[in-house]
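Below: one structure, written as C-alpha cells.
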C-alpha cells in the first residue's frame, strides 16, 4: 500500500468518527487510485464508505463497481462476483451496459439476475357493467326494446406475478367487486304491452379470480404493460333494487308500481366465467411501483338459472312477475374497470440457474461499431 493511501486512510479514519462524514471524496479518491493502477488498496479505502449508514445506494453501486473491476483485473473471480452481487443488492435494477461499463464487467453481469420470482400487488378502483342478452323473455308476448344505463360499482383485491422473464409473467388475482346495472324500456320503441315502461336496477357482489399472461416493459420510469387471460367469477349475492313499472292505458290513465329490494341470488348462477383483457402503466417510485390499470372482462356464462325465474326461493309463483310484468332474460355480464394499485417487487439478486423458460429469454449481443 502506497504512502499516499496510508495518509488518506489515517485522515479518513478521523473523518469517519467525526460528524458529517461524506463518502463522495473517498469515492473520488478511489477512482483516482483505480485509474492510476493501484488496485490492492481499494478494499481498505472503500470499506468506510460501504459500512457508513449515510452512504446512498447510488454511492454503494459506484463503490462495488470499482471493487468488481479491480478484482477482475487482479484475477480474483470469486471476489469480483461477490462485489457484483452486493452491487445488485444495493440497486436490484442495475443493468451493466457495454457502452458504459468495461466489457469484462458486462459479461460478468450476465451470470446474475435480480428479477423477482414473485411480485405481489394490491389494487382498488371503480367499474361499470353491461348485460348482453342471450335470449329475451317477456310476459307480454312481444319483443321489448331496452337500453342499459351505466351504474358505478367498486372493486378491490390483491394478486401476484410469477415472473418467467424480466418481461413475461403468469399472474393470478383475487378481487372483490360490487357490480351494478340498470335497464330501462327504450323510448319510442317496443314497450311492455305496447306502451308500458319498466325500470330495474340490479346490484351484485362478486369474487373474481383472473388468471392471465402479462407482457410489460422492464426499464424506464414509466413502464407500460398489457395482458390477456381467463377468469372464474363467483356471484355471492344479487338484489333487484328500485323496481318502477309505469302502466299507461289507452284511455289515458296512468298507474305506477314500485317495489322494495328483492333477493335475486337464487335466480343467478354462482359460478361464471369470462375472458380478461387489459393493460396500463407502472410508475417507478424508489424500488416500488404505482400503477394504473384498465380492464375489460367479457362474460361467457349465462347468469340466469332457468328453473327459478318464475318462482320464489321458498317455492310458489313469484308475484313480482305479475306486478312488474318482468322475468329475467338469459344474459351474460361484461364488466369494465379502472384501478390504481401498488406493486412491491421482492427482489432476489442471485446467480442465474438453468431455467425451464430459458427459451423465452431474448439473447443479448454486444453492440459493435461499424
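The values are calculated or read from the model by the stated rules, or taken from the named source; none is laboratory data. Because the structure is a prediction, the values reported are computed rather than measured. Reconstructed Cβ throughout: ideal geometry from the backbone, glycine too, with neighbour counts over all protein chains shown.
Quick notes on this structure:
- Only one of the listed residues (202, 256) is closer than 30 Å to residue 123 by Cα and at pLDDT below 95. That residue is 202.
- Check on residue 247, out of contact with any helix residue (DSSP H, G or I) (no Cβ under 8 Å at 6 or more places or on another chain) and either modelled with pLDDT of 80 or more or surrounded by fewer than 16 Cβ atoms within 10 Å (Cβ to Cβ) (or both): no
- Looking only at residues in region 301-317 that are part of a loop (DSSP other than H, G, I, E, B) and in contact with a helix residue (DSSP H, G or I) (Cβ under 8 Å, 6 or more places away or on another chain), the one that is nearest to residue 268 (Cα to Cα) is 305.
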